[in-house]
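The values are calculated or read from the model by the stated rules, or taken from the named source; none is laboratory data. Just so it is clear, the structure is predicted and the values come from calculations on it, not from any experiment. Ideal geometry is used to build each Cβ from the backbone, glycine not excepted, and the neighbour counts take in all protein chains shown.
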Amino acid sequence: MSSADLAAGKVIRMSLLFRLQHLLLTVLLLVLAVTGFALMYHENSLAQWIIRLEGGIHNRGIVHRVAAVILMASLAYHIFYMLFSREGKPELRQFYLTKRDFDDVLLSLRYNLGTAKEYPRFGRYGFKEKFQYWGTSVGIVLISITGIMLWAEEFSMLFFPKFILDLALVIHGYQGLMGFVLLFLWHLYNVHLHPSVFPMNPSWITGKVSAEWLLEEHPLEYEKLKEEGLL
């Protein structure tokens, strides 16, 4: 952390590599959602307009599959980054789910219902960030596996009965729908529309947040950085 950041009361929240991966994931999921839903709901007039805009069903398929390949490649890179890089390994440890996270879920519910006096105090990541991270990771693995099965349908039929491919189609479509709803509604609210950050949390662009925000939203992380002399 630079002295200029310290003087400005700024804290590094997301590294450059992490921000680039986040941006790529955002773009790819949007492309896959638009091209996938256009086919899933092809009888809808809006979907038909999107398909025409893409140049027809054939071009839609090409765009969808190119985006899917890039998404799978980015997932492979992210796994390597988190498991083996000097920057990623300590970050991965911060995402581990612990008993405290589930206790924090219950405590936050009690707080919102007025039966608890204090809201949970989070470290670098709270249960919301962790659930979103692991939910996204599992979701991408599921849509990747089912997508490959559907892409290579004739090859898949050599090993699986038809009802497995039908199930893969359902999982692929509705996992994509659920992922879109969770990421672009729940995630969007938490990181941009929540009163503590509205109109936007700038960390996905600059990588930095204010020390005041960190103290309010992640007090345990703030105290840790304070003890290490980084604040």
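Annotations for the structure displayed:
- For the range 102-120, the criterion of being of a type in the set (D, E, K, R), in contact (Cβ under 8 Å) with a residue 24 or more places away in the chain and farther than 18 Å from Leu24 by Cα is satisfied by no residue at all.
- Filter pass, Leu20 being surrounded by fewer than 14 Cβ atoms within 10 Å (Cβ to Cβ) and either under 30 Å from Glu221 (Cβ atoms) or in contact (Cβ under 8 Å) with a residue 12 or more places away in the chain (or both): yes
- Only one of Gly176, Gly114, Gly139, Gly123 that is of a type outside the set (S, T, N, Q), closer than 30 Å to Leu220 by Cα and in contact with a Gly (Cβ under 9 Å, 6 or more places away or on another chain): Gly139
Yes/no matrix, rows are residues, columns are (1) under 19 Å from Met14 (Cα atoms); (2) assigned to a helix (DSSP H, G or I):
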| residue | (1), (2) |
| --- | --- |
| Leu182 | no, yes |
| Tyr189 | yes, yes |
| Pro199 | yes, no |
| Ile205 | yes, yes |
| Trp213 | yes, yes |
| Glu216 | yes, yes |
| Leu220 | yes, yes |
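- Hits in the range 179-207 (condition: touching a helix residue (DSSP H, G or I) at 6+ places or on another chain (Cβ under 7 Å) and modelled with pLDDT of 90 or more): Gly207
- Of all residues in the range 147-159, those that are part of a helix (DSSP H, G or I) have Cβ atoms under 9 Å from Cβ atoms of residues that are of a type in the set (Phe, Trp, Tyr), 6 or more apart or on another chain, in Met149/Phe155; Met149/Phe160.
- Search result, residues across the range 106-134 that are assigned to a helix (DSSP H, G or I), more than 26 Å from Phe18 (Cα to Cα) and not polar (S, T, N, Q): Leu106, Leu107, Leu109, Arg110, Tyr111
- The range 45-99, residues that are in contact with a Gly (Cβ under 9 Å, 6 or more places away or on another chain) and among the polar types (S, T, N, Q): Gln94
- Within the range 38-87, restricting attention to residues that are touching a residue at least 60 places away in the same chain (Cβ under 8 Å) and outside any loop (DSSP other than H, G, I, E, B), the residue that is farthest from Gly176 (Cα to Cα) is Tyr81.
- So Ser144, is it under 30 Å from Asp103 (Cα atoms) and in contact with a helix residue (DSSP H, G or I) (Cβ under 9 Å, 6 or more places away or on another chain): no
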